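**Student:** Below are the structure tokens for one structure; questions will follow.
The values are calculated or read from the model by the stated rules, or taken from the named source; none is laboratory data. Computed from a predicted model, the values in this text were never measured in an experiment. Glycine gets a Cβ as well: all are built from the backbone with ideal geometry, and neighbour counts include every protein chain shown.
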Ligand SMILES: [Zn+2]
């Protein structure tokens, strides 16, 4: 069967996709978000010829994390004959952020979408977008994979996050096969919103600084395919990989506006108290000596010289 074309307004949620798509068909359309203002975001769905679970994959919650967006499009390229169940891909959830190439926040309300989950239908744009994603899509899925990476200003070594205490999500995070698996207790993230709905979810990160290298794209494609294979949606077995569980993720922030001079290397082991870089004020004087709060691994750092008060500088996983 070929591609099913529908009017953009005909599909507004995952149950609509299930009603629209017969086994063995694909859907490529724009869907309306339940936000003010409404945005039209791309949807790529593939329904396998055999029955199986439904997985929702998103990217572009942060619109300038390009490897994740490229990976999401790539995942939807494989045909229904290779799939059991349904793959639903929303590759650019936060279209205003993608269009504006904005870092962390979306340009409509200045909020970071990945701090707004589960969202609020009566709130501002990002809060409305969050609950649209949760209630219309994630709630109806058997698993949820949110693809991210370092933002335009961030350098990052791949890692995957899950909500602490969610055993099913933790299992999927290790299956993903990226070395560093971080258990997070932070509220407001996509995976924590999904866990609250009883849907196991992981957030995988690869790439950064505006790049979308084939290696980073494949890291995210491969990890997602491993989870799908684990869930019985693709043929084959999942070869075990060594992963490192990280239970404490410390993000250091800047005290002031100024210039940030990182001295760390990605993925390097640092001792508690070891210098990770310095922040200089606008006159060039060192006013913040940034040291590792714990012994651990440098998972990401901000690679831009410009830094604002409260901005993240570096993340260390212990
Ligand atoms: Zn992100």
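**Student:** Filtering region 56-65 down to residues that are under 11 Å from the mean Cα position of the chain (by Cα) and more than 15 Å from residue 215 (Cα to Cα), which residue is farthest from the ligand (Cβ to nearest atom)? Give the derivation first.
**Tutor:** Quick first cut of region 56-65, residues under 11 Å from the mean Cα position of the chain (by Cα) only: 57-63, 65.
Retained after the next criterion (residues that are more than 15 Å from residue 215 (Cα to Cα)): 57-63.
On the way: 57: 14, 58: 11, 59: 9, 60: 9, 61: 6, 62: 3, 63: 9 Å.
Per the stated criteria, the residue is 57.
**Student:** Has region 100-108 got at least one residue that is at pLDDT 95 or above, assigned by TED's automatic domain parsing to the domain that holds residue 12, in contact with a helix residue (DSSP H, G or I) (Cβ under 7 Å, 6 or more places away or on another chain) and buried (at least 22 other Cβ atoms within 10 Å of the Cβ)?
**Tutor:** Looking for residues that are at pLDDT 95 or above, assigned by TED's automatic domain parsing to the domain that holds residue 12, in contact with a helix residue (DSSP H, G or I) (Cβ under 7 Å, 6 or more places away or on another chain) and buried (at least 22 other Cβ atoms within 10 Å of the Cβ), one finds none in region 100-108, hence no.
Results for (1) buried (at least 23 other Cβ atoms within 10 Å of the Cβ); (2) away from the ligand (no atom under 16 Å from the Cβ), shown as yes or no for each residue.
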{"position": "67", "(1), (2)": "yes, no"}
{"position": "76", "(1), (2)": "no, yes"}
{"position": "96", "(1), (2)": "no, no"}
{"position": "116", "(1), (2)": "yes, no"}
{"position": "133", "(1), (2)": "yes, no"}
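**Student:** So, in region 259-318, how many residues would count as being in a loop (DSSP other than H, G, I, E, B) and closer than 16 Å to residue 246 by Cβ? Break it down stepwise before answering.
**Tutor:** We begin by selecting, within region 259-318, every residue in a loop (DSSP other than H, G, I, E, B); these are 263-268, 271-274, 281-285, 292-295, 303-305, 308-311, 318.
Next, from what is left, pick out any that are closer than 16 Å to residue 246 by Cβ: 266-268, 272, 292-295, 318.
Residues meeting the conditions: 9.
**Student:** What tally of residues in region 155-188 results from selecting those that are in a strand (DSSP E or B) and in contact (Cβ under 8 Å) with a residue 40 or more places away in the chain?
**Tutor:** First, the residues of region 155-188 that are in a strand (DSSP E or B): 155-156, 159-163, 180-184.
When the remaining residues are screened for being in contact (Cβ under 8 Å) with a residue 40 or more places away in the chain, the result is 155-156, 159-162, 180-184.
Final tally of qualifying residues: 11.
**Student:** Being within 11 Å of the chain's Cα centre (by Cα) and outside any loop (DSSP other than H, G, I, E, B) is the filter; apply it to region 143-154 and report the residue that is farthest from residue 70 (Cα to Cα).
**Tutor:** Among those residues, the one meeting the criterion is 144.
**Student:** For the condition assigned by TED's automatic domain parsing to the domain that holds residue 198, out of contact with any strand residue (DSSP E or B) (no Cβ under 6 Å at 6 or more places or on another chain) and more than 27 Å from residue 228 (Cα to Cα), what is the one hit in 126, 130? Break it down into steps so the answer makes sense when it comes.
**Tutor:** Numbers: 130 fails: more than 27 Å from residue 228 (Cα to Cα).
126 is the lone residue from the list that is assigned by TED's automatic domain parsing to the domain that holds residue 198, out of contact with any strand residue (DSSP E or B) (no Cβ under 6 Å at 6 or more places or on another chain) and more than 27 Å from residue 228 (Cα to Cα).
**Student:** For residues that are within 15 Å of the ligand (Cβ to nearest atom) and in a helix (DSSP H, G or I), scanning just region 189-212, find the one that is nearest to residue 236 (Cα to Cα).
**Tutor:** Residues of region 189-212 that are within 15 Å of the ligand (Cβ to nearest atom), as a first pass: 189-193, 201-212.
Subset that is in a helix (DSSP H, G or I): 190-193.
On the way: 190: 29, 191: 27, 192: 30, 193: 31 Å.
So the residue we want is 191.
**Student:** Report whether or not residue 257 is modelled with pLDDT of 95 or more and over 22 Å from residue 180 (Cβ atoms).
**Tutor:** Details: modelled with pLDDT of 95 or more: yes; over 22 Å from residue 180 (Cβ atoms): yes.
For residue 257, the condition - modelled with pLDDT of 95 or more and over 22 Å from residue 180 (Cβ atoms) - is met.
**Student:** Which condition breaks for residue 91 when tested against (1) under 14 Å from the mean Cα position of the chain (by Cα); (2) modelled with pLDDT of 95 or more; (3) farther than 16 Å from residue 43 by Cα?
**Tutor:** (3)
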